[in-house]
1. Inspect the range C:251-270 for any residue being basic (Lys, Arg) and away from every other protein chain (no Cβ under 14 Å) and give the result as yes or no.
2. In the range B:286-298, how many residues are within 9 Å of another protein chain (Cβ to nearest Cβ) and either basic (Lys, Arg) or under 18 Å from the mean Cα position of the chain (by Cα) (or both)?
3. Scan the range C:157-173 and give yes if some residue there is outside any strand (DSSP E or B), touching a residue at least 60 places away in the same chain (Cβ under 8 Å) and at positive phi, otherwise no.
4. Would it be correct to say that residue A:274 is in contact (Cβ under 8 Å) with a residue 60 or more places away in the chain, closer than 30 Å to residue A:15 by Cβ and in a loop (DSSP other than H, G, I, E, B)?
5. Look through the range A:299-321, keep the residues that are of a type outside the set (A, V, I, L, M) and away from chain B (no Cβ under 14 Å), and return whichever of them is farthest from residue A:229 (Cα to Cα).
6. Taking the range C:261-283 on its own, how many of its residues are over 19 Å from the mean Cα position of the chain (by Cα) and under 13 Å from residue C:237 (Cβ atoms)?
7. I'd like the residue in the range C:103-124 that is surrounded by 24 or more Cβ atoms within 10 Å (Cβ to Cβ) and in a helix (DSSP H, G or I) and, out of all such residues, is nearest to the other protein chains (Cβ to nearest Cβ).
8. Tell me the residue from A:279, A:327 that is without any contact (Cβ under 8 Å) to a residue 12 or more places away in the chain and surrounded by fewer than 22 Cβ atoms within 10 Å (Cβ to Cβ), please.
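Just so it is clear, none of the values below were taken in a lab; they were calculated from the coordinates. Computed from a predicted model, the values in this text were never measured in an experiment. All Cβ positions, glycine included, derive from the backbone under ideal geometry; neighbour counts span all protein chains shown.
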Amino acid sequence: MQFAGSHILSVSQFERPDVQRIFAVADRMQPYAHRQRVTKVLDGAILGSMFFEPSTRTRVSFGSAFNLLGGEVRETTGIENSAIAKGESLYDTARVLSGYSDVIAMRHPAAGSVAEFAAASRVPVINGGDGANEHPSQALLDLYTIKSELAGRGRGIDRLRIAMVGDLRHGRTVHSLCKLMCLFDDIQVVLVSPQELRMPGEIVEQLRQSGHKVLESDVLEASIAHVDIVYSTRIQEERFSSQQEADLYRGRFRLNQSIYTEHCEPNTVIMHPLPRDSRDTARELDDDLNDNPNLAIFRQTDNGVLVRMALFALVLDVVDLVDSCARDVNWYTAGRF
Amino acid sequence: MQFAGSHILSVSQFERPDVQRIFAVADRMQPYAHRQRVTKVLDGAILGSMFFEPSTRTRVSFGSAFNLLGGEVRETTGIENSAIAKGESLYDTARVLSGYSDVIAMRHPAAGSVAEFAAASRVPVINGGDGANEHPSQALLDLYTIKSELAGRGRGIDRLRIAMVGDLRHGRTVHSLCKLMCLFDDIQVVLVSPQELRMPGEIVEQLRQSGHKVLESDVLEASIAHVDIVYSTRIQEERFSSQQEADLYRGRFRLNQSIYTEHCEPNTVIMHPLPRDSRDTARELDDDLNDNPNLAIFRQTDNGVLVRMALFALVLDVVDLVDSCARDVNWYTAGRF
Amino acid sequence: MQFAGSHILSVSQFERPDVQRIFAVADRMQPYAHRQRVTKVLDGAILGSMFFEPSTRTRVSFGSAFNLLGGEVRETTGIENSAIAKGESLYDTARVLSGYSDVIAMRHPAAGSVAEFAAASRVPVINGGDGANEHPSQALLDLYTIKSELAGRGRGIDRLRIAMVGDLRHGRTVHSLCKLMCLFDDIQVVLVSPQELRMPGEIVEQLRQSGHKVLESDVLEASIAHVDIVYSTRIQEERFSSQQEADLYRGRFRLNQSIYTEHCEPNTVIMHPLPRDSRDTARELDDDLNDNPNLAIFRQTDNGVLVRMALFALVLDVVDLVDSCARDVNWYTAGRF
């Protein structure tokens, strides 16, 4: 695809070379995100951060990514209810707000609304989550993390072996990640969930049609024995009709250090889209894994900054200018990464 | 007036040369707002954005305008209730908060409160709306839009012919615009509203005392036949005692493309302070006008950025430094304006 | 202490030379805070401003201080409820959010939570108030104000004579200030409060063990007759079980210009942590003091910016670079300080 001036709305818009291009640019962002270098390539540019649904980490991650490229952020949080209550169309909202910035990152509770907004926007729009629909930068950062974690081991996304564990029915992130994996070759996917929370059939079908091998299971231990990645997810209790119903599943698949040691291959990477549920009744990833160097969950969120920097640099077409607007960091940064 | 260090509180504080000065500076802001050039003239300066009443577009417009001059924005949104609930006076609030920035843009629900705040502030304050009272930057951007739209046609603000349509009783923007028009010559104003929502008598009187010709009507079609500008407004339903009462008037004056084609002179400019009410029961400006090149409503909001940049540059006295701190934009901006 | 990379969590972590170091750095920040000079020493750095409890002045003061050093601010306000409601631990929250910035300023309603967060953070954390527990930058700015106000009179913190007046039981600021004063010599403290709102015994004990002289009183006039500083505080009505109970004490000790003239030594300095309660039923510091040049309450909040700039410069280890990244201010700043 042509990135300059494009909207980033869905993982479906990417071909394999597009994903590889994003990852190559994300790699080049490391000195800036890891605070060795400062770039001012977007000095003077403005990000419109429009989070019409509450979010802390995705919102701050987008904002920091833009700051790290030298740009400014103008933020709107909470429901944009005043104008909408007065009968304003999403078309009008988009025409107006897109006059105030150079690029927009947007979250909205209604599926499809970000694409509708983007159609009327005069500047590129990056989807930061539209309800149960899409959250493409999350899927990209997950896959980028897989690539990065396996890079030093002579393994990659092609021929990946991954177990996805937990609430595979409601988890937007695992759905999108599966779609992205369809662009790659010979992946083995073990789907571990309660019967009632299985991965939707059409996604399993898509994986198989892409030539991937898919196993489904409701037993954790055997499923994580021969994989490169264990991708754990939270039971999304807010999606159930009652807390009682959710509690039937919370705590069903718990990974802790002793299970890891007993069942996993050495250096199996542990991922999770976060937040993980650390209450005693859930603990899908136990705190005793916190010192395990293969727990990649915080490197995952760090990678979100890299991927979002890459998306901004690509849609604003400044990739090749980043390094020429740079200098060394002059403040204390020890021990951060 | 002397702009450097002054507060901008009301349209009443301007003489004609002041308005012309603001517009001349706004013109010079175009390369920056339209993303051809970046200026850092206010690099290091801080705008205190104090919106004690919710607002998205005015707040973001002020913030983006300040960013476009190179400055930073520190924002407060929502009711500043904590200190006030503890008995703090507006004087104290102003003394404290004005120590944190170089200029303040403020909205407050109580009429007169921004002026009271400004009296105690140690830095210039720009009124972003104080209840039903004043919103001077909106009136300036409306008049600036009129000037800009007519500039290429050998017509100007003097000898302007304008129809104002809709809820002329409650609309703060039409009131302020009328006051500003009193600084100019030989204007013909057609006021189109339901009987119950007529323009307040004292404003009509002011227009007439300035030598303008004022007609009042409750019929749309004939009223827009010989004007340069149709300025449509929304029925401000939140100002009525009941939705039923507001609904008596919503949808009464609808302009759409076929009425426009049949009744208006070629190239009659359509304006609206936004948001427009696009629900079927209202539609004061139909969506089928969206492709009409004379629909200026989004150029109007874009002009808001220019006018606010001009106000900041004037009160901080940097107008003549803007261009000397500038360079070309280096990111993708195609198709934006 | 070693400032570079350290958290600032409590006044208890400071020795006397640490306080003096902070004040010396704060002094050097004056040309920047008072808008004579602009420094870009932290150009490219990001402050994560995490106010999980509402705050306007402390939040904006931290943000402006960081902007004045050239850095960017990414802000989160309100309860961070989404992830916590989903069972995320403070450890996880800290690991994630500390990946998005270079330093964090944090307020949280729960005592001890900021320290818990800091333990997991990968970047320095500055406590902006954790419930009734600590608010170290407030105590520092109070003591810095005392030093600054007395500097021209040949008096200093050693041998200071201070009266603290009002709700000494609930006031977090007077508690912390007393702890800081224990690092200095020969201070005379007069504690003026209703019997029921006396300074906690352990703090009085700490002052005495440090060699300070402490008097307790419930009469205002005689207590302020021979002091350098009158530090007035508000009756913290929100801490009482009923408004009626609070109203027993509100308005008990009122300082106004005539009492000041009659009882105080010339040039006695008046301080207050703000907000002051200006309602007729309270008025602990009357409005008629507003023109008294010894009313230091707004210089106090201004000094908060200096102290916070100093803390940022110290923990990020850029103190000696501030002046080399500087230039003169080029916008209008007359009459501000």
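1. The answer is yes, given that some residue of the range C:251-270 is basic (Lys, Arg) and away from every other protein chain (no Cβ under 14 Å).
2. 2
3. Yes, the range C:157-173 contains a residue that is outside any strand (DSSP E or B), touching a residue at least 60 places away in the same chain (Cβ under 8 Å) and at positive phi.
4. yes
5. The qualifying residue farthest from residue A:229 (Cα to Cα) is A:308.
6. Selection size over the range C:261-283: 3.
7. C:117
8. A:279
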